[in-house]
Each structure stands twice: as structure tokens, then as C-alpha cells.
Amino acid sequence: MVQQPHVTQFAGPVDTATYGEYSIPGTPGPLLRFTGRITTGGEFTAEPARYHIYGGWFCPWSHRVAITRALAGLEDIVGMSFVDDDRDGRGWAFREQYGPDPVNGFMLLRQAYEATEEGFDGHVSVPALWDRATSRLVSNDTHGIGIDLASRFGHLATPVTDTYPEHLRGSIEELDGWLGPTVNHGVRAAAAAPGPARDALLEAFERLDDRLSRSRYLLGDDLTEADIRLWVTLVRYDVGANAGRAINPGLHVYPHLWAYARELYAIPAFRDTTDFATFSRPGAALPDWSTPSGR
Ligand SMILES: N[C@@H](CCC(=O)N[C@@H](CS)C(=O)NCC(=O)O)C(=O)O
């Protein structure tokens, strides 16, 4: 049997002078080139130590799956590692700060995409779910990865919380239809200029504040994927899109929404997957997330 040499490869410093800025080569294709799902009896079945998530600390979409993974009790079942916060034309890369690629020893995340599809010319994005058994990416679709982590591994782990309970799936996706475009994808446009995106975001915050004055979580007493999806945007808001307080004075003007966000931050799955430094704009004032929520 041939011994695999243990090679630790790092990409070297970000070097845009040599490699240029990251851009998607060729005709921009769909962001989500890989949309495989974990199923029972299909190509990708849930097994311990089979899958690995490539994520980024800075990235709200990776943050979602990191929280779901922790709440599903999968930290010893599905691996996760992190690309560097910065990139050049080579895309996301493994550097010293967060360590090497523990699965394949790749230097660049692009290598995982190329191993899956020869000549890959699309988005090299995180999060991405890798399958050790077939040596390919299953998916770079946050939505599907989150749902599968929450719902397909129950026989292998004891969840802290079932974040995708069957009776709430319809309501979770219905909320996504509103909060996805308005909040998760809306903050960037809301920050750029006054206008419909900003109005819609602030109206959503008002409605959420009212809702959370009557309800512990978005869908009652069950903490679900809907809360995770919203929260990763809330935790970035005052140090990211609203860092210059261009949109409003801060999340704290919505007392119930702000207390709810802090209540979630007190949960280890949320707190331990959050690294403010990786997504805070320089000089941004960080609100005190550790103040007890009182809820
Ligand atoms: N909407 C995507 C989010 C993934 C995403 O946009 N990830 C960013 C980092 S936060 C990325 O890696 N972008 C590189 C690219 O799109 O080429 C999903 O649903 O999975």
C-alpha cells in the first residue's frame, strides 16, 4: 500500500499584483454549480466522517451551516475547516491563520471545484460540502447544505435542537421568501443609498421587532433554521453594512429584535461560530453583544 505523504500546503500571501483580483472567468454562470443532496439510499447518504464543509469565518452563508452543524450535534460527524479571509485572483485559499485543508491538503479551494468538474470556470464559493467517499463536492448551495445537516443525520447524532422540524418547514421557507430578499440580500443595497431597499429593510426590522415582542423565536418556542438565517445578517449589521450608521442608528433601536439577537448570541452554537474581527469594517463600533438579553 502506498503511504500518502502528509503535505501541508499553504497558498502564500494574497498577491493581487501577480494573480489579479478574484473574478469569475468567462461567462458568469450560476453561482450554485453543485446542488447535490444527502438522501437515504441515493449517491450521497449520511455517514459519519464522510463529509467535510469548507467554510469562511467572514461569510454569513458559511456561518449559517456552522451554526446548524453545531445545533445538530454534528461536530464529530461532519468536519469543517476555514479558508483565509482574503483572496486574490486564485480565489479562496488555505493559509496559516486557519490552518491547512485537513481533507485533501489543497492549497486553493479552487482545487476542490476542479477535482469535481474538470476545467471548472465558475464561482469558487464557500460554503462547499465535500464528500470523502467520492472525492468530489456535493454542493455549494447553503440552503440545501443547511437543511440536510439539520434533517439527515439524526440517526448518527443527538441534536441540541432540531432546527428543521417537519411541522415548521413550510413556515420556515415562507419566512425565507420575505426575509431572504429584504434582509439577507437587502442590506447591501440598503447601505448603498436611500431608496426602496432601505425602506423595505427598516420596515422588516419594525415588523420583526413587533413579532419578537410576542414570540420567543421567529416561529414561536422552537429555534429553527429561520432564526439562523436571519441572525447571521443581524450579527454583521452594525459592523458591516451599517458600520457608518448610514442606514439607521443601530439594531438597538428595535429593543425586542436586539434582545432576541443577544439571546441567540448567548447560545454556544452561535457565539463560538462568530468571529467579529473577520467581518467588521475598520473602525466599526461593536455593540455589546454580551449584555444579558433579559428575555
Ligand atoms: N448565496 C450563496 C452564498 C455563497 C456565497 O456567496 N459565498 C461567498 C462568500 S460569503 C463566496 O464564496 N463568493 C465567491 C463567489 O461567489 O465566486 C449560497 O446560497 O450558497
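Which residues, taken from region 21-63, are among the β-branched types (V, I, T), in a loop (DSSP other than H, G, I, E, B), loosely packed, with under 14 Cβ neighbours inside 10 Å and at pLDDT 95 or above?
Scanning region 21-63 gives T39, T45.
What single numbered condition from (1) under 30 Å from D222 (Cα atoms); (2) open to solvent by 10 Å² or more (accessible area, probe 1.4 Å); (3) hydrophobic (A, V, I, L, M, F, W, C); (4) touching a Leu at 6+ places or on another chain (Cβ under 9 Å) fails to hold for A128?
Exception for A128: condition (2).
Looking at (1) assigned to a helix (DSSP H, G or I); (2) more than 16 Å from the ligand (Cβ to nearest atom); (3) not charged (D, E, K, R), find the lone condition where A66 falls short.
So the condition that A66 fails would be (2).
Assess whether G73 counts as being within 12 Å of the ligand (Cβ to nearest atom), in contact (Cβ under 8 Å) with a residue 12 or more places away in the chain, touching a Phe, Trp or Tyr at 6+ places or on another chain (Cβ under 9 Å) and of a type outside the set (A, V, I, L, M).
Judged against the criteria, G73 is not a match.
Scan region 244-295 for residues that are of a type outside the set (V, I, T), closer than 22 Å to D221 by Cα and assigned by TED's automatic domain parsing to the domain that holds A190 and report the count.
Residues flagged as of a type outside the set (V, I, T), closer than 22 Å to D221 by Cα and assigned by TED's automatic domain parsing to the domain that holds A190 within region 244-295 amount to 17.
Go through (1) away from the ligand (no atom under 12 Å from the Cβ); (2) in contact (Cβ under 8 Å) with a residue 40 or more places away in the chain; (3) not small (G, A, S) and name the single condition E174 misses.
It fails just one condition, (2).
All but one of (1) within 16 Å of the ligand (Cβ to nearest atom); (2) in the same structural domain as T134 (by TED's automatic domain parsing) hold for P30, so report the exception by its number.
Among (1) within 16 Å of the ligand (Cβ to nearest atom); (2) in the same structural domain as T134 (by TED's automatic domain parsing), the lone unmet condition for P30 is (2).
Name the residue that is farthest from M80 (Cα to Cα), counting only residues in region 105-125 that are crowded, with 22+ Cβ neighbours inside 10 Å and near the ligand (Cβ under 9 Å from one of its atoms).
Taking the candidates together, the pick is V124.
Does region 244-270 hold any residues that are touching a residue at least 12 places away in the same chain (Cβ under 8 Å) and basic (K, R), and which are they?
R262
Of all the residues that make up region 131-159, how many are open to solvent by 40 Å² or more (accessible area, probe 1.4 Å) and either within 10 Å of the ligand (Cβ to nearest atom) or more than 23 Å from G42 (Cβ to Cβ) (or both)?
2
Just give me the residues in region 165-184 being more than 16 Å from G220 (Cα to Cα) and open to solvent by 60 Å² or more (accessible area, probe 1.4 Å), in sequence order.
Once the filter is applied, which keeps residues that are more than 16 Å from G220 (Cα to Cα) and open to solvent by 60 Å² or more (accessible area, probe 1.4 Å), region 165-184 yields only P181.
The values are calculated or read from the model by the stated rules, or taken from the named source; none is laboratory data. Since the model is a prediction, treat every value here as computed from it, not as a measurement. When we count neighbours, we look across all protein chains shown, and the Cβ atoms used for this are built from the backbone with ideal geometry, even at glycine. Please note that ligands, DNA and RNA were not included when accessible areas were found on the heavy atoms of the full protein model with its side chains. Shrake-Rupley method; radii C 1.70, N 1.55, O 1.52, S 1.80 Å.
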